[in-house]
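Some notes on the structure that comes next.
The values are calculated or read from the model by the stated rules, or taken from the named source; none is laboratory data. Note that the structure is a prediction, hence the values are computed from the model and not measured. Cβ: placed from backbone, ideal geometry, glycine included. Neighbour counts: every protein chain shown. When the accessible area is computed, the model is the full protein with side chains, heavy atoms only, and any ligands, DNA or RNA have been set aside. Shrake-Rupley method; radii C 1.70, N 1.55, O 1.52, S 1.80 Å.
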Amino acid sequence: MTARRAGPLTRIALAVALLLTAAPVYWMVVVASRTSAEAADVPPPLLPGGHFAENVRRLFANPDAHFARGLLNSVLVSGCVALGTVLLGSLAGFAFAKLRFRGRDALLLTVLATMMVPVQTGVVPLYLIMLRLHWQDGLQAVTVPFLVTGFGVFLMRQAARDVPDALIEAARVDGCTTLGVYRHVVLPVLRPAAGVLGLLTFAQTWNDFLWPLVVLSPDDPTVQLSLNNLATAYYNDYALMFAGASVAVLPPLALFAVLGPRIVRAVLSGAVKG
């Protein structure tokens, strides 16, 4: 079956979608490369200026933002949470999809029920737990509670259901243990879904603001708290804030640029084989 060419309406819709998506990013870059006075001009500037490097230098030199530390903390936290979510979610998803044990369905319903609870309702109890563990003001407080999620377990379970039972039985006949079946049989099938889960989890953790604001110290922030610390009660340096936002989006964009095409190829390869 040959692919059909896109019609005029499709091209117009894609162009509008691209414009609406790229316009805020372009405006962020324009303001980040201007002075605050130029950013407030009427009409506003439409082309980038020549002050981006200066604004970035002022950003990292700002004593209230701790921006370099915030970037490093966000990379560590987001990376650990993404890896933990993929590993633990895939193990749990494999167990729920292919292993038989008492209470499996009840446990799965309990895991799925956690997806229906708003995050805001758990802030106070979770903070009290962090106080009991003496984890407040530490990065473990924004890492350990999110190493496994109901969504991650559910997504991995749905993907693990595509593994043929006959293939698992053949691996057991060859002498594989349960972990061996997971490593050699199930994990290769889960790689596309695991890549998507990892990217989504990294982006979500990177953009998280509420919980780090509650539990972390202003002197040891994540990048979102660093951006928040750039705002003051009396004066907002928009050029500095937009420069910080421009730098803050680079790590997620780099990760998507590197892993995104590979994940798409893996997903399409699996679809063609199916």
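Before moving on, here are some points about what is shown:
- Against the list (1) surrounded by 16 or more Cβ atoms within 10 Å (Cβ to Cβ); (2) more than 15 Å from Q158 (Cβ to Cβ), the condition V214 fails is (1).
- Candidates A37, A3, A13, A17, filtered to the one that is assigned to a helix (DSSP H, G or I), modelled with pLDDT under 85 and not polar (S, T, N, Q): A37
- Residue under evaluation E54, criteria (1) out of contact with any helix residue (DSSP H, G or I) (no Cβ under 7 Å at 6 or more places or on another chain); (2) within 16 Å of L227 (Cα to Cα), criterion not met: (2)
- Condition met for E54 (modelled with pLDDT under 90, more than 20 Å from A159 (Cβ to Cβ), over 25 Å from the mean Cα position of the chain (by Cα) and part of a helix (DSSP H, G or I)): no
- Residue list for the range 57-101, restricted to those being within 30 Å of M241 (Cα to Cα) and free of Cβ contacts under 8 Å to residues at least 24 places away in the same chain: R57, F60, A61, P63, A68, L72
- Screening Q136, Q120, Q140 for residues that are in contact (Cβ under 8 Å) with a residue 60 or more places away in the chain, of a type outside the set (S, T, Y) and either open to solvent by less than 60 Å² (accessible area, probe 1.4 Å) or in a helix (DSSP H, G or I) (or both) leaves exactly one candidate, Q120.
- Whichever residue in the range 217-239 is in contact with a Pro (Cβ under 7 Å, 6 or more places away or on another chain) and open to solvent by 20 Å² or more (accessible area, probe 1.4 Å) and, among such residues, is nearest to A37 (Cα to Cα): N229
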